[in-house]
Amino acid sequence: MRTIKRNILLNPGPATTTDSVKYAQVVPDICPREKEFGYIMESISTELTRLVSDLEHYTTILFGGSGTAAVESILSSVVGEGTLVIVNNGAYGQRMCDIATAFRLKFIEFSSPVDDALDVTALEKLIRDSPCSISHLAVVHNETTTGLLNDIETIGKLCRRYQIDMIVDAMSSFGAIPIHMEEMNISYLAASSNKNLQGIAGVAFVVAHKTKLESLKCQKTRNYYLNLYAQYKYFSETFQMRFTPPVQTLYALKKAIEELKQEGIKERYARYSKSWYTLINGIARFGLKHIVDKKDHSKIITSILEPDCEGYDFEQMHDYLYSRGFTIYPGKLENLNTFRIANIGNITSKDIESFLKALSDYLREIGFIPRNEPHR
Ligand SMILES: Cc1ncc(COP(=O)(O)O)c(C=O)c1O
């Protein structure tokens, strides 16, 4: 097999993939309505469920779409007449608020600082004091805006105490940070094919508690394409998505799951963590700061304060690094000037070391690191 040019993607997904995952897409044409393809989707659904839960109580519903489709499917399908609490401490918490607004859901926003662990006592007070009956709570696991890791285990216990169904956007944690849905009391979880799973973009999925799904049968529908119950029912009866699936992306996802199982989730997270420590130690040597404390950090994506230096320009830094094979990502915070570096995908701490060398060359060129200073 010909080796494909390797780009080091330091954006938070789609991530750098192995050549074997890329080549898994090159298959004979097949009509996705064939049984043979149905079995492939069924095995993908089963394996995804197994990564975070058990097959007796949970199942995975696949959609063609980007990750937001999975989040939107859950929010627009499961919240009936009750009230939803949305934890908002970053752009993806805000996105859930925007989705809830678009579907005119009854919701209460619990906003919390973007760079600090959320106050679970305050969250409990909001739930306890609410005049409305809270039926659901939605939270992002790893806030990709900053790398802040929300403590879903503690929030899960809170939801258990108040009999609230917890919804978790695990887009940028799934496949790396260990999750156990039953133990953590998660009813619905959203993720996609192209981040820590190291697959190709195009598949969004929801892992859901079967009893909760069944209870949606009589719920008034607000949506059509993304209707979670309809997609679940049709798939469980036919092993087919209701509408055309992204065929080749699914072949790649099957391969990516095999590779994840070979590596192991804990081991993948250990690899990512090693890259992360290399990254944050490196930027600290250059005098750059990341905004989330180590103890609250996901070790997956890092929001870094931009260099305070006249010669600095994000686009220029991006282009400088891009031409050297590294793709970095802009920040997403309103009040702080940041850029982001993700350390996911088929990369190692060695790649991060090469990136740091290129970054230090750039910082030297703009005078942020004194030109005559020896390499740090
Ligand atoms: C936490 C989180 N939620 C949702 C999304 C949206 O995913 P997509 O851009 O694939 O729709 C992302 C993407 O980065 C994310 O990190």
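Checking Thr101, Thr59, Thr49 one by one, the residue that is open to solvent by 20 Å² or more (accessible area, probe 1.4 Å), among the polar types (S, T, N, Q), within 20 Å of the chain's Cα centre (by Cα) and away from the ligand (no atom under 16 Å from the Cβ) is Thr59 and no other. Inside the range 52-104, residues that are out of contact with any Leu (no Cβ under 8 Å at 6 or more places or on another chain), closer than 22 Å to Ala176 by Cβ and of a type in the set (Val, Ile, Thr) make up a count of 2.
Quick grid of which residues meet (1) touching an Asp or Glu at 6+ places or on another chain (Cβ under 7 Å); (2) free of Cβ contacts under 8 Å to residues at least 24 places away in the same chain; (3) not assigned by TED's automatic domain parsing to the domain that holds Ile200:
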| residue | (1), (2), (3) |
| --- | --- |
| Gln94 | no, yes, no |
| Leu105 | no, no, no |
| Lys125 | no, yes, no |
| Asp129 | no, yes, no |
| Asn142 | no, no, no |
| Leu149 | yes, no, no |
| Ile164 | no, no, no |
| Ile167 | no, no, no |
| Ser173 | no, no, no |
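For the range 35-60, residues that are assigned to a helix (DSSP H, G or I), out of contact with any Phe, Trp or Tyr (no Cβ under 6 Å at 6 or more places or on another chain) and among the hydroxyl-bearing types (Ser, Thr, Tyr) total 4.
Can you name every residue in the range 351-374 that is basic (Lys, Arg) and over 11 Å from Leu321 (Cα atoms)?
Across the range 351-374, the qualifying residues are Arg364, Arg371.
Going through (1) hydrophobic (A, V, I, L, M, F, W, C); (2) surrounded by 20 or more Cβ atoms within 10 Å (Cβ to Cβ); (3) farther than 20 Å from Ile8 by Cα one by one, Leu260 falls short only on (3). Assess whether Ile366 counts as being of a type in the set (Val, Ile, Thr), under 21 Å from the mean Cα position of the chain (by Cα) and buried (at least 16 other Cβ atoms within 10 Å of the Cβ). Against the criterion (of a type in the set (Val, Ile, Thr), under 21 Å from the mean Cα position of the chain (by Cα) and buried (at least 16 other Cβ atoms within 10 Å of the Cβ)), Ile366 does not qualify.
Glu258 meets the stated requirement of being more than 16 Å from the ligand (Cβ to nearest atom), within 26 Å of Lys22 (Cβ to Cβ) and outside the structural domain of Ala358 (by TED's automatic domain parsing). Selection of helices (runs of 4 or more DSSP H) fully inside the range 132-243 by the criterion of at least 3 residues being within 16 Å of the ligand (Cβ to nearest atom), crowded, with 17+ Cβ neighbours inside 10 Å and among the hydroxyl-bearing types (Ser, Thr, Tyr) returns nothing.
The values are calculated or read from the model by the stated rules, or taken from the named source; none is laboratory data. These figures come from a predicted structure and were not determined experimentally. Cβ sites come from the backbone with ideal geometry, for glycine too, and all protein chains shown count toward neighbours. Just the protein is used for accessible areas: all its heavy atoms, side chains included, with ligands, DNA and RNA removed. Shrake-Rupley method; radii C 1.70, N 1.55, O 1.52, S 1.80 Å.
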